[in-house]
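Peer 1: Here it is, the structure in full.
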Amino acid sequence: MSCLPVLLLLSWAALSAAYPAAPQEDLDNKYAKMAEKYLEKFYDLKTTGRPVGRNKNNNPFVKKLQEMQQFFGLEVTGKLDKKTIEVMEKPRCGVYDIGEYNTVPKSSAWQKNDITYKIVNFTPDMPQADVESSIRRAFKVWSDVAPLTFTRVYEGECDIEIKFVSGDHNDNSPFDGPDGVLAHAFQPGPHIGGDTHFDEAETFTKNSEQYNLFLVAAHEFGHALGLHHSNDQGALMYPTYPNTDPDHFRLPQDDIDAIQYLYGKTSNPIQPTGPSTPSKCDPNIAIDAVTTLRGELFFFVSRFILRKHPREGESDLLFIQNLWPSLPNDIDAAYENPNTGEVLVFKGNKYWTLDGFEVSQGPRSITKLGFPKNVKKIDAAVHVEHLGKTFFFVKNKYYSYDEDKQAIDEGFPKFIAKGFPGMRPNINAAFYYRGLLYFFQESVQYEYSIENRRIQQVLKSNSWLGC
């Protein structure tokens, strides 16, 4: 079997990097070399050393760029537009982005279920015990969902050899220093097959700073077990480094299906399940919370955000931690106060204050806003600008909050059925736009007129998302 190294190439760049407005030719010229190297590395672009034109349909650069755009779910233009460049600059793994799980031959997997591994050396970035714990946890990600066991050995032969090395380390895949190639692994097989190397020039941690060793190792061990990349953005085996909370990581369903295809299901009587990535065009998508922010709409769904400008057709799917690393997943409610420009985000009995894309305060107890201690969770929140009020929905009741006085109005809570005739209890999310309220319940959205105190129309919950 041919053992091709899996290179984890990371070039940290701001998620929302501001590219100057420029003609297409300027973008081509500025990013041409970077794009060609990217397509050579990940899409097998063959170049001859001469300039490659980008306006001919039969040009290999254009074809490979279209292939890359299709893989990442971008608009297939064959041009170096802003979103394509942003994806190319995201932290990522270095294996080809071609091939899908349903075409992975089982012969690429280990032909046994008991796998041994050896940690040859350690990084000085972390205590040895933390490295060992991160490695064990990374293997456990896979053994929890498939009939695999991973046994550490301290000497002699092993299946997966783990090293922290730098520069040229004699495997024909030299590392290139900080913020370049982060790690690589080899597909299952004899000798170097399955081996995983981490670049000692990088900084590894056990938290969300720098490069979390557990997340990097779990991804690389997926390759060492025979998996290719997935085009499911929420999958662990997606090419880009996962901006997600390592402390609350759960293996997504896409990865579970992939590893079970190669090795079978676990013997546990209750089969494990994992989170699925929301699809904006899923008619049954359930919105957890919605807020406006500087003219844009942000729909919270599980550990993701669907970011949408009302006047643009497409919405972008991002991890919550892409924008606000310290926020938790599974947000309950959120709203923007246009007077202060701040956004308040709620989960359980806590809330955080956002100043744009910075978390300025939190977590703080919702009792500081005046809620009684028996309120354990805010279901939805929405600010109505012309009233100067924010409405908080809790089960079958709602509170009116005066933003100027920073206090809950007297006489509240009241029943939702009384204040908003026609609306049922347990509202999941709400936001205010151009004089109308939009309430979300499960997969349904209600357009509500405050002036007429009635539901004007019933919509699908994804009607704002460009479907």
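Peer 1: Using per-residue counts of other Cβ atoms within 10 Å, averaged over each peptide, order 32-41, 389-398 from highest down.
Peer 2: 389-398, 32-41
Peer 1: Could the peptides 314-325, 440-451, 84-95 be put in order, highest first, of the mean number of other beta-carbon atoms found within 10 Å of their residues?
Peer 2: Packing order, densest peptide first, comes out as 84-95, 314-325, 440-451.
Peer 1: Follow-up. For residue 396 and residue 415 in the same chain, what is the full-extension length gain: residue separation times 0.36 nm, less their Cα-Cα distance, in nm?
Peer 2: Stretched fully, the residue 396-residue 415 segment lengthens by 6.2 nm.
Peer 1: Probe of 1.4 angstrom, ligands and nucleic acids ignored: what's the accessible area per residue over the chain, in square angstrom?
Peer 2: Accessible area per residue, the chain: 47 Å².
Peer 1: Karplus couplings for the stretch 138-151 from phi (6.51 cos²θ - 1.76 cosθ + 1.60, θ = phi - 60°), rounded to Hz, Gly and Pro as x?
Peer 2: Along the stretch 138-151, the couplings run 5, 5, 5, 3, 8, 6, 6, 10, 9, x, 10, 10, 10, 10 Hz.
Peer 1: Can you find, among 359, 371, 413, the residue farthest towards the positive end of the dipole of the chain? Put +1 on the C-beta of Lys and Arg, -1 on that of Asp and Glu.
Peer 2: 413
Peer 1: Please report, in whole Å, how far the alpha carbons of the stretch 251-379 spread along each principal axis, starting with the longest.
Peer 2: Each principal axis gives a Cα extent; for the stretch 251-379 these are 55, 41, 25 Å.
Peer 1: Under Stokes-Einstein, with the Kirkwood radius over Cα pairs standing in for Rh, what whole-number D in µm²/s applies to the chain at 37 °C and 0.692 mPa s?
Peer 2: Reported coefficient: 134 µm²/s.
Peer 1: Also, quick follow-up: Through the Karplus equation 6.51 cos²θ - 1.76 cosθ + 1.60, θ set to phi - 60°, convert the phi angles of the stretch 317-322 into ³J(HN,Hα) values in whole Hz; use x for Gly and Pro.
Peer 2: Those phi angles translate into 9, 9, 5, 3, 6, 4 Hz.
Peer 1: While we're here: Provide the FRET efficiency to the nearest 0.05 for the residue 367-residue 276 pair, computing r from the beta carbons and using R0 = 25 Å.
Peer 2: 0.10
Peer 1: Sort 62, 359 by accessible area with a 1.4 Å probe, largest first.
Peer 2: 359, 62
Peer 1: Leaving ligands, DNA and RNA out of it, rank 434, 152, 137, 303 by accessible area with a 1.4 Å probe, largest first.
Peer 2: Ranked from most to least accessible, the order is 434, 137, 152, 303.
Peer 1: For residue 212, which sequence-distant residues (separation of 5 or more, or a different chain) have an amide H within less than 5 Å of its own amide H, given hydrogens modelled in the peptide plane?
Peer 2: For residue 212, the qualifying residues are 205.
Peer 1: Multiplying the sequence separation of residue 450 and residue 207 by 0.36 nm and subtracting their Cα-Cα distance, what value in nm do you get?
Peer 2: Roughly 82.9 nm would be gained on extension.
Peer 1: Treating only the Cβ atoms of Lys and Arg (+1) and Asp and Glu (-1) as charged, compute the dipole magnitude of the chain about its Cα centre; round to the nearest 20 debye.
Peer 2: That gives the chain a dipole magnitude of about 1540 debye.
Peer 1: Can you list the residues, at least 5 places off or on another chain, whose amide H is less than 5 Å from the amide H of residue 289, using H built in the peptide plane?
Peer 2: 300
Peer 1: Taking amide hydrogens as modeled 1.01 Å from N in the peptide plane, which residues meet the under 5 Å criterion relative to residue 429, leaving out close sequence neighbours?
Peer 2: Those lying under 5 Å, H to H, from residue 429 are 440.
The values are calculated or read from the model by the stated rules, or taken from the named source; none is laboratory data. Just so you know, these numbers come straight off a predicted model, no measurement behind them. Reconstructed Cβ throughout: ideal geometry from the backbone, glycine too, with neighbour counts over all protein chains shown. The protein model used for the area step is the full one, side chains on, heavy atoms only, and it has no ligands, DNA or RNA in it. Shrake-Rupley method; radii C 1.70, N 1.55, O 1.52, S 1.80 Å.
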